[in-house]
Amino acid sequence: MNSRYLTAMTAAGFIALGMSGAYAEDTPVSPDKPASVKPGGSNGKESKMRNEDKKRPELRDGREFERERIVEFILKEKYPQEVEAINKSRKDDPEKARTQMQALKKKIWDEQKAEREKLRDMISEYKSSQDPKQLDAIKAKITEKLNERLDMEKKIIAQSEEKLKEMQERLAKFKAEYQKRLENKDQMIENKIKELSKNPEMFY
């Protein structure tokens, strides 16, 4: 097996592992409404992958989580103004805002699908080309795309760490408040009973 073929397979492997979770559906849809699987056609391998996922719910859940993180990242990075406008309209027309957000997510799926197809074409061209200069040029493009993917994953991890930090801080605050309530539990219960005797609707 020659080195060029190995390089192409390595790139393909990175793309499959790094992008399959984000682009598992050929038809862009909102994450809360999975697309139906079309038999045969260009998405035959992905259909098989999705069938396998049904047997491994933890893998499917992991991919859904990854897809959500990628969509969230792209929304913030590429469409902040659109997201802000949609969020502002939620109070007046929540259904319209929901439709607009789903349309924006579909736009992201379309863009990522097109990007995936470009990568597949480049790998196919790399495997079949015999021109050294062309090989170097294609390899450089594939490398650039993989680096972009890794950069995005790094930013997503940073965002996730920031969210985790905020959640940990809220949890610590909640635990501290709970501990204070626990220390004065008897008096708190006594006060609550008095309140309930006056107004049973004020249970919690």
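Rule-based calculations on the coordinates, nothing more; no lab input. These numbers were taken from a predicted model, which means no experiment stands behind them. Cβ coordinates were reconstructed from backbone atoms using ideal geometry, including for glycine residues, and neighbour counts include every protein chain displayed.
Counted by Cβ distance under 14 Å from Lys198, the other residues give a net charge of -1, where Lys and Arg count +1 and Asp and Glu count -1.
In angstrom, the C-alpha Rg and Dmax of region 72-132 are 17.9, 60.
The Cβ shell under 12 Å around Ala103 holds other residues with a net charge of +3, Lys and Arg each +1, Asp and Glu each -1. Pairs spanning more than 21 Å between alpha-carbon atoms, out of Lys127/Lys154; Lys118/Lys139; Lys113/Lys141; Lys173/Lys194; Lys118/Lys154: Lys127/Lys154; Lys173/Lys194; Lys118/Lys154.
Ordering Phe73, Phe65 from the fewest to the most neighbouring beta carbons within 10 Å gives Phe65, Phe73. Between Glu190 and Glu169, the FRET efficiency estimated from the beta carbon spacing at R0 = 35 angstrom works out to 0.65.
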